[in-house]
Amino acid sequence: METALPPTSTQNDYYRLRTEWLRYKSQLYDGLTGLPALPAVVEDVRRVLETKGTADVIYVDLGRSGGQETKLGWAAYDGAVREFAAALASLRAGGELGPQDVVSLHTVRSDRFLIFVAGGESSSAARRDRLLAALRTRIDSAPPASVLRTLDLSAGHARIHYDPIVRSERSIQQAVAEAMLSSLVERASVESERRQEISRLISESGVRAVFHPIVRLADGAIIGHEALTRPIGGVSFDSVEALFAFAESTDLLMQFERLCRRTAIGAAATVPDLGLLFLNASARAVEDPDWSGPAMEKALAASGLHPHDIVVEITERVAIVRHDEFQSSLRTFKDRGYRVAVDDMGAGYASLQSLAAIEPDFLKFDVSLVRDIDRSSIKRSLLESLRQLAEKIGARVIAEGVERPEEMRTLLELGIELGQGFHFHTDGEHE
């Protein structure tokens, strides 16, 4: 049975009130994560304080990990924020957070999270450490291509005590400010230690190179190797990606990348059937005059290499977003004989016009497009479209992250020429 519409004046009041409510709700609830902002949970935290007497606030910041949103683009970073919110929600399902514990954002459209944990049976620092350990376990179980795995969390903590003569809202806000300050202080200390680590790696030449083959899918012939950097000995970084992300936020990046580059070139002389040598380069490294300097010429000559044996890999984002800033640098590369590959194709930045201006020799398709491509018609369609784009600009195609025979067969059916991934590794991988 249909419900009759209310009279016009009442209907107008209804829509006005609904609009005001939606506007109010948008200021208190985040559309991306579905989480409330701090003002929306103050009353819940106050009740916890009245019931338990104390609560700890754990502050977690995703945005202090080397400008990931700038490097990855807002869409990819939003995905990481959404994944992190889901990881937090799973803590409640797993029992790490109790029914009275409260989770919120500091503000809507933010990457700063607040977790209010009821009671105070242990120190707030110990609670923070347990919570972060549980979160990292869930992050480590994310898919290998997940942006979330590359983020370096910054966290702080503070304890809130219930005091009936102090307004609860004021106590909560002060504790949040204290937790944020705690995060900044600890972050500064960690960054200082990590900077010293990178300085040590540079001064001691403390890196080595490993080489992953790039093969022709039709017959398995090796056409080249990508050089990847590994630190020698233990470091505090969770991954090589985190190491480079931090280095990129410092003034040590240029020296560090020169070390990695020359280490790879020196080690390449020992790799049988080397073929082309693919070297990764950050945005700043592309503009490094060292590429055309005497030190680079000497390093190449010592390994029996020439510029035309080297393929410089830049990411799709760098190629497109920073296109105008270093177009002349890329032209210098090509004039000296270096080849250029655009890495991580499929991340969403490419345009035919911009790629054509760069004139890449290779396009490397992102692992997220390749994994399980035999099971996804959507991925097959996307990859076929990108292959056609590569043909239009005269670039050769490399599919990254090939792990299974079924993926390789599907890539061959789609006309993909080259592949890279664990499917092509052998026990004698060059490490």
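The values are calculated or read from the model by the stated rules, or taken from the named source; none is laboratory data. Because the structure is a prediction, the values reported are computed rather than measured. Cβ: placed from backbone, ideal geometry, glycine included. Neighbour counts: every protein chain shown. Heavy atoms of the whole protein, side chains included, go into the accessibility calculation; ligands, DNA and RNA do not. Shrake-Rupley method; radii C 1.70, N 1.55, O 1.52, S 1.80 Å.
With all protein chains in place and a 1.4 Å probe, the accessible surface of region 91-145 carries 53 percent carbon and sulfur. Computed packing ranks the peptides 113-120, 163-170 as 113-120, 163-170, most packed first, by mean other Cβ atoms within 10 Å. Distance between the pseudo-spin-label points of Lys298 and Thr250 (7 Å out from Cα toward the beta carbon): 2.5 nm.
So, R0 is 56 Å and r is the distance between the beta-carbons of Ser189 and Ser328; what FRET efficiency does that work out to, to 0.05? According to the calculation, E is roughly 0.90.
Here the label points at Tyr29 and Ser236, each 7 Å from Cα along the C-beta direction, are separated by 4.1 nm in the simple model. For Arg109 and Ala89, the FRET efficiency from 1/(1 + (r/R0)^6), where r spans their Cβ atoms and R0 equals 22 Å, is about 0.75. Only protein heavy atoms count here; on that basis, with a 1.4 Å probe, Ile58 has an accessible area of about 0 Å². Remark: the Ala133-Ala75 segment gains 18.2 nm on full extension, using 0.36 nm per residue and subtracting the alpha carbon distance.
With θ taken as phi - 60° and the Karplus curve 6.51 cos²θ - 1.76 cosθ + 1.60 applied, the whole-hertz 3J(HN,Hα) list for region 168-173 is 4, 4, 5, 4, 5, 5 Hz, x standing for glycine and proline.
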